Structure formats: C-alpha cells, structure tokens
Amino acid sequence: MARPTRTAGPLRRGLTLVVVLVVLALVVVAGTLLRSQQPDARELVTVAPGQADAVCTVGSVPDAVAGASPSATAVAPPPTPAPPPTPAPAPTAVVTPTTAGTEGAPTATPSSSAPSSSPASPTSPGTGATTPAVTPPAPAAPGGSASPSPGATAVPTLRPGQDPSSPSPGTASPSGSPAPGSTAGATPSSVPSGAPSVAPLPSSTAEAASGTVVVVASGPTDTGSGASDGRVTLAPLGGGGQDGVTVDRQGRGATLQRAGSPVLLQAEGSIAPTAVGGVLNSSSDGPEAGLEAAPCLVASTSAWLPGIASGASDRTELVLSNPDDATATVDLTFYGRNGRVAVPGSPGVDVSARSSRSVSLSTLVDAEGPLTVAVQATEGRVAVVARRIRTDGDKPAGADWVVPAAAPARQVVVPAVPGDDGSRELVVTNPTELRTTVTVSVLGLQGPFAPAGAETLDLAPQSSGTVQLADGLAGTGSGVSLTSEQPVTAAVVSTSARDEAQADIAVQPATPALVRTGVSAVATARDTDAELVLSNAAATDVSVRFSLRSLDGVEIRGGDILLAAGGSATRRLAAPGSSYVTVTVPDGSSVTGGVDLVEPDGSVAGLASVPLVSPDTSGPPPVVEQDPGASR
C-alpha cells in the first residue's frame, strides 16, 4: 500500500516566507508614513559633549531695513568704541583680558587674591583692585546665543522656556504642553502669506547705548594658586570690536564694561557647569531710562515670551541671536486678547550665522492689549529676548528686557514679583484650542492665599488675558502660582511708582523650578536696593541656603531659609561693590526665585528683576548636523 505524500513541511515553510515578506513590507510602509509626518527640518540636532556657549545681548543690534523680506541676511554686530583699559596690578590674576579685536576697548583689572578688598560695582567706579573696574553702564539687555567652542562643556545659563523635567523643545510635554505655534490636539492654523517688513524701532530705541555684562564662576571659591583646568570668557558675538574678559577660578567673577553689541559667553572645563552671565543697565534719561537687568541665555529651538506689547505707546523689539555656523530660521506665532493674531507675510525669519537680528513688532503686529509670541525654530536654534519700551505721550515711561518664560504647563510659577508700590499686571496665555479657567494663588510670606479680585481668569482658546494683582499682593515680594485645566504660560508686568519720579517697568516671567543651585550674576548695583525673593510651590516645607558673594569669591552674607509650603521668603542684599547670589535647593524641590532691584532715589523709579537660573541643568548645547535622509 502506497504511503501518502507529506506536504505539511513545504507548506509551513512557504507560509513563513510569506509572513516575513508581509512584515518587511509593513515596516517599509510604516517608515515611509512616519517620515512623511516629521517636520520639514533639513538638519538633525544632536548633543556633542565638550562645547559650551551663551549670549548676553547688550547695546544695539543691527537691524534689517524697513520693508525687507524676513529671509534677508542679518549683519554681524559692528565694533563699538570703548574707553581705554584700566591699569592692572601685579598680583596673580584671576580675571584676564581676552583680545577680541581692536585696541582701546575696556579691559578688566585682574583680581587680587586677597579677599579683604571690596569689589567694584557694575554701576560705579572701582573701589579697589580686586575686580575689574567698572564705570556707570548704559542700556543693556540679555539675549541671544553663542557659537559652540571646541573643548568646552555645558554652559550653565537659562535655556529659554524649557523646564528641566520637560521633553525637548518642540515636543509635547507629559502635561500636554504644546510646542510654540501649535495647539494641544490640533494642527495650527496657517499664517497668511506675503512678505512682512522687518525694521528697527525709531532711532532713539534702535540706537541703544552700551551696557555692563557680568560673568561669574559660581562654584565654591578656589583659593589655590595652581593652574586652572577651566575658564569662562566674554567676547563680542560678531568677533572683534573690543577686548573681552576671562575668569579662570571658581567663585570669582568679572565685568565687561560698555559692551555695545551682543556678547558671547563661552565656558570650558570644570568652570563650564557653574558659569553664569547677566546684563545690567542703569540710565537716568532717554527712552530706556531706569533699570534693566537679565540673565544671559543659551540658544534653543523654542521659546515663549508673554508680557510683550505692540501698541502706539507700548512697543516691543524682538532680538534673535544665532550662535552657530549655519543660518537659523524661526516662525513667530502671536496670541492676543482676541485669539491668534494674523501676521501678514511668511512666518519665517532668517538669522545669519553668528549674528543677531532685531524685528520690530510694530511693523509686524497690530494688536492692542496683552500679547505673547511663540518662537519656533525650523532650522538651527536661536536665543531670543524682547526689548519692551513704554511711553507716555512723548515722554519715556519705562523699559525692560523680556526673557522667555517656562513652556506652557498646567501649573506654572511666576517668581520674584516685587512688593513695592505700583501696578502688577498678570498676563496669562492659553495656546490650546480649548477654553480654560486659571486659578491664581499668591505664594505669600505666611503661605498661599487667593489675591483679592484676581482669584480666577477665564481664557478663550489661543488667547492672552490679564488680571490686576497689586491689591492682592499685600505689599510684599512674592511668587504667583497658576493652575489650569489646559497648559498655560505667564508673566507679570510690574510698573514702579514713586512721587515726582518717572515710572519704570519690569517683566517677571514664569520659570521652572531650580535644580540643585540657582544663580543670579547680578545681585546688587550702585544706588539700588536689592531683594532676593524665593518661593516654594510644594505642599511641604523646604530648607534652602543662600550665599551673597563678591566677585572675589568672598561671602558677604549667607544663611539657611525655611520656605513654608506654598510660601515665600525675602532677604535684603547689600554689598560694597559687584556681587552675585547663589541658592542651594534640595533635589526634587519646587523652589523658584529671583532678585528684584529698585532705585529708591533719583528722577526715575528704576525697577528690574533677574530670575535665578540653574547653571548645570542646561546641558551641552546641541550641534547641528546634516540629516542625509531629510531630503528623501
């Protein structure tokens, strides 16, 4: 009897082959679909260790001509004349001048190792030979980014709009925070096409005076005399123009006087994770009369700036800085009182390599009332700040540099809201397509409380709204906590008030919680009262430590501070010269803070705020590399 033919083996092998082919086909199709859903960026941003950079925007920024296309090429900052260098003593230098170009620029006086001398103030003549001599500054501003420096490590300055716990810029956060220009759960609406004009503000504001840049290595003071394995340097972003300064010892600092264009901060070695920069300006006349101060910034791919304006008597100029070797392109999305603000022309703005560019919003946006801009890079990265200038008729009424706020989240905190006289306007932006109600809580000295008349704020989709806080702050420096059903971001616009004095403005942005250490390179200034304001948004008490140090690394004042749950605490800061402040916080805390500066005398009631930044959380800056597959 014949045995039947066995076909199960070949059939099984055939079916297996078919399944494998089907799976491979699905993988190819899925890859194609996923690639088609990716942004049109032509570059990949990857992290490369050993490089560090940031930009401190000061003085004037070259502008595109009125009516120019957004893709016009920006011009690198020009050289700025400066006073002759100050003679330097012979002791071992902690701060050394770094030649960046022409002669005759201000140089820092090397610091003596003797801790007993008093440092010079950023706004007063030098009082000793311990730190760089300083002359009264003119308008200064933060901003920008810087170009990578081989051999350096992470630059410890604020990364605009980024929470250390949030994902990379341009992606959604666990809390549902949208990327700038996008909305939660929806595709952003298109922007009308055409060419917007890009132009400076009137000459009185575009031709800003020079300012003072402060840089510190905020680690424990190094009292040794051996060779240092790190340094941080300030030099013009565009190259040339004036000498720079270098700090090569932990705990020390230096000032760069009369900087007339954006300054590049570069750090390397052991100092890179502790280096922080800041800018300071004090002026008694002109459109920027008053105080302006802010931290230097690391470039990023996204930023949110609430607290700006674009009206006849309240104008804003965006300053975009590109630290890299390739052109960066950004899109601008505006949120006003009545929703998204239409912008005529292409949304793309190009910023040439290693340069800064200014964009006057008065030529781009026509919107009275609260305004927020979301900046999203489609190529490269930029650091962005805004110069806001307010007028009363033909008289100046305040100016400030607005730095990016924390990215939208369901809970944000605006720290260091001044407690002095004057109005306090809370600006909140809802970038999502859903209406939301925001609950406002003041983190006061005795704990949290609802501000009178400002307990809640209803926001329409993709809009910005305001509420007045002055009557609900109890006259003390504090933080403001916001909770919402939808992700929001915020800032407080503070206006000073003093009898027979011109008003000034200061914008306090929402900031992420500090991680390990918070630093302000600007803590005190001549003829100015300074106050450290710390807030704890957590439900439990927390103990922190603060230290006020001279630029020689000598502790002037320090101590522990117990922050109650949902509460704030303040400390007056005073120093005979330049100083910086550090705050050490426990891991996982919800502490935020800043330094408020007030001019108690004079013809202008100067007011400025500097948020604390965590230097070692910004990480190494991204390096732009070409993506071979982006063109497929």
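What follows draws every value from the coordinates through simple rules; no lab data is involved. These figures come from a predicted structure and were not determined experimentally. Here the Cβ is made from the backbone with ideal geometry for all residues, glycine too, and neighbour counts use every protein chain on show.
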Sequence-separation-based contact order of segment 288-387, relative, with Cα cut under 8 Å and 6+ spacing, percent: 47 percent
Extension gain from Asp229 to Glu368, taking 0.36 nm per residue of separation minus the Cα-Cα distance: 44.8 nm
Point-to-point label distance, Asp587-Lys395, nm (Cα→Cβ direction, 7 Å offset): 5.6 nm
Distance from segment 491-570 to segment 445-468 (C-alpha centre basis), Å: 22 Å
13 Å tail of the calculated P(r), segment 449-504, as % of Cα pairs: 68 percent
Fully extended contour minus Cα-Cα distance, from Leu434 to Val19, at 0.36 nm per residue: 144.9 nm
Shape call, segment 484-619: gyration tensor on alpha carbons, a/c limit 1.5: oblate
Segment 238-331 - percent relative contact order, Cα under 8 Å, separation 6 or more: 14 percent
Segment 416-535, Cα convex hull volume normalised per residue, Å³: 125 Å³
Semi-axes of the equivalent ellipsoid for segment 243-330, Cα gyration tensor, largest first, Å: 27, 20, 12
Two-decimal log10 I(q)/I(0) for segment 542-622, as the Debye equation yields it once each C-alpha is a single scatterer, q = 0.27 Å⁻¹: -1.41
